[in-house]
Structure formats: structure tokens, C-alpha cells
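Notes to accompany the following structure.
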């Protein structure tokens, strides 16, 4: 499907927002959250640029599943490291093990449903973390209400990840054209929610 | 007035506006990288003299290479190949632009003018006239001349040739193969038809891809080191690391997963990378 000029503008805006977040939005945090958020928004930025250059064809690459896993995992790790001190080590273990599992199951031919189960668990846990943690923290008044926007971003990234994963698995939930039609706007909305959430924390 | 506009429209493709603009942006970034309060008059003079010099050398190259351009499908429509501009007119235009540019540069600052002249000399005489048709290593000199605008900008700002200026020049020098070698892979047949030796035709595609990956690593390392030495903010450094990672990823992909699509994306990304890096170094 051909990418329109509007798609490119939306992706460029996504990239600029991600670049802003990497440069300014995460200043003053600890080393691990800064690294985690830099990876998340950095991957988003580079992926956006590649989509602008190559069009939607880039989504045919097998690396898309791995890349779309890195973003939620890094974001979730950053949030847990910042706000759930007691869970830091186990969550870091989950992130490293989960990413390795996704890479292995996507690189080597593994029969059966294991690759899908691995993706579902890793995406599910990371997505729930990104959605629930900011929502609960802002509901409890520990952070400002605006922080809940990250939860909204989490929900959107979950939706995007789900659509892409099922598309890559050959069982798209909605037609491929519809996914490509909404993807640039979804990515921009998601990034805006994340950036705004961090800004209003 | 109409004649002037028509002339301008005919001449405009001779200066390769995108390439000239990119090189001009490196010169401005070199000047701004000193992070001193910029003298707007000097900055404007630098931009104008660089624009004229780069445009002049591009026009002279096009004049010299018109026979090659006629043989290559990609360049057959250039004004010098199609006959829209005569060789004599092209030569005069190139000389006038070059003399104006270098003269203005020397009037601004002697050392700055010398670096600008070196860029023009390496590009037109050493690269185009002497080496381009003899050896594929000619692109090294094309790269050195491409690195001169950023060095010139830095020299004008700090008054001397120092390590940061050389690192910035190295970054551009090693970025250029990423750009030109991917180009020579994409238009392999064109260059072969014109009899111009290139890395792919001399050493093969595998070696060329390895050179692209290696030069990308050196370019990214040079620009990163220069950024640290300039003292850019941590956030900007993070963004430079992110953008460099994208460049390295694509470079490795050209080696381990070579395809037309990867080659094209590296070619495009490398230009974006350089432009973004120049903006970041200027902030």
C-alpha cells in the first residue's frame, strides 16, 4: 500500500516528538530509566524514519516483531525502575529474558504455538505494566493526574502491537489496508500520550 | 527579466542544489559548533562564500565530466549533457562562481579562504580531473574535499585548525563513502557503461559493503567524539547515539542482509543522519 504525504507528515511528527523526548523529556532521571527510555523512543524515532524512507514495505521485515517488542519492554522497565523499587531486579530479569525469548523464537524455526505464546506473554506483561502503573500512581495521587496519559499511550501501543503481531502471524484482526491506514496516526497519538504523560508527571 | 529567470532556471540544476545545500549546512554547523555568539555578518558572508565556492566546483565538475554524463542514464538529462547549456558557458559560470566564492572567503579570513580553496582544488583538480577516471580511490579525495566546508566553518569560528575541526572533517569524510558507495552500487551499470572505476566494479560488492559498514562506524565515532569534545548537552548526545545506531544498523544490514531496499534506505538515511547531526552540533 502506497504511503500518502499525510502519513509521512504524521510519521515525521512522531519522530520529532520521540527526538524531543530523548533529548529533553527524560533529563534528570537515573541511569537505567534514561537508558530504557532512550532505547524506547530511539527505536520509535529510527523506525519512523525508516517507514518514511521505505514506506509500509518495511513492515514486511521479520525484524518488525522484535522491534515492536523492544519499545514496550524498555518503557515498562523504565517505569518500574522509577516507581517500583522492590521490583527492579525481577523486572530487569523479565525484560532481558523476554527479549531473548522473542529473538530466539523469531530467528530460529520453532514449530507449534511457542513463538505466539512467547510474544503474547512478553507483550501482555509489558503492556499491562505501561497501562496500569501510571494509571494507579496518578489515581493514588502519588504522581500528577497527567501521568495517567502514559497509561493511555500503553493502551495504544498494546493495540498497535496486537494489530501488527496478528498481521505478521497471517491472521489480521482487521484488513491489512486498514492497519496501514491508521498506523501513522496511532503512532503519533501514542507518542504524544507518552511525551505528554512524562511532561505532566 | 524573463531572460534572467530563464537563465536561472537553466543554471540551477548545474549546482546540484540538494548536495550543495547539505555541504553548506556542514559549513554552518562547523561555525556554530564553536558555540560562541555568532557574528551575523560573518555568518552570512561565510554562507554566501561557501555557497558560491561549492556551486562553482560543482559546475566545473559538470563541465569536465559532461562526456561521462552523456553515457550514463542517470545524468543524461543534465543541462551539460542535453545541450541546454554549452560547454563554454558552463566553464565560465563555474569559474566566475568559484572566483567569487574563494575571493569572498579570503576577504573574510585568509585561513578560512585557504581551506575553502583547498576544498575546491581537491574536488575539481585532484578528484575530477586527475583521479576519477583512473582509480576508484579517487572518491577518497572527493571525500576530503567534501569535508572542507565543515572544517572551513570551524576554522572561521575558532581561528585555527584544531582537533575538533579535524574530527568534524573526518566525520564528513567517512560519511561520504556511505553515501557515494551505496550510490555506486545502485547505479553499477551506469558507471560501468561510462568506464568510471568504482569500488563495486574493482573490488566487488562484498568488499564495497564492508567498506560502507566500516566507514559508517568511523563516521559515527568521529561525530560522537567531536560532540563530546565540543561539550554538547547530554540529551543531544543521547539523540546522536540513537541516530548513529540507526546508521550502524543499516550499514550492518547491507553486509549481512544485502538487498536493493537496504541499500536504498542506507543511502537516504545517511543524508538525513548527516543533516540531523549538523543541526544537533549547532544547538
Answer from B:266, B:250, B:275, B:281 - the residue that is part of a helix (DSSP H, G or I) and facing chain A (nearest Cβ under 9 Å) = B:250
Of all the residues that make up region B:212-236, how many are more than 9 Å from chain A (Cβ to nearest Cβ), free of Cβ contacts under 8 Å to residues at least 60 places away in the same chain and assigned to a helix (DSSP H, G or I)?
-> 16
Select, from A:6, A:10, the only residue that is touching a helix residue (DSSP H, G or I) at 6+ places or on another chain (Cβ under 7 Å) and more than 13 Å from chain B (Cβ to nearest Cβ).
-> A:10
The condition of being free of Cβ contacts under 8 Å to residues at least 24 places away in the same chain, within 13 Å of chain B (Cβ to nearest Cβ) and part of a helix (DSSP H, G or I) holds, among A:43, A:58, only for A:58
Any helices (runs of 4 or more DSSP H) falling wholly within region B:11-119 and containing at least 3 residues that are touching a helix residue (DSSP H, G or I) at 6+ places or on another chain (Cβ under 9 Å), over 30 Å from residue B:133 (Cα atoms) and at pLDDT 95 or above | B:17-32, B:40-64, B:87-108
Of the numbered conditions (1) at negative phi; (2) more than 13 Å from the chain's Cα centre (by Cα); (3) surrounded by fewer than 18 Cβ atoms within 10 Å (Cβ to Cβ); (4) modelled with pLDDT of 85 or more, residue A:137 satisfies every one except a single condition; which is it?
-> (3)
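The values are calculated or read from the model by the stated rules, or taken from the named source; none is laboratory data. Please read these numbers as outputs of a predicted model, since none were measured by experiment. Neighbour counts are summed over all protein chains in view; Cβ atoms, including those assigned to glycine, are modelled from backbone coordinates with ideal geometry.
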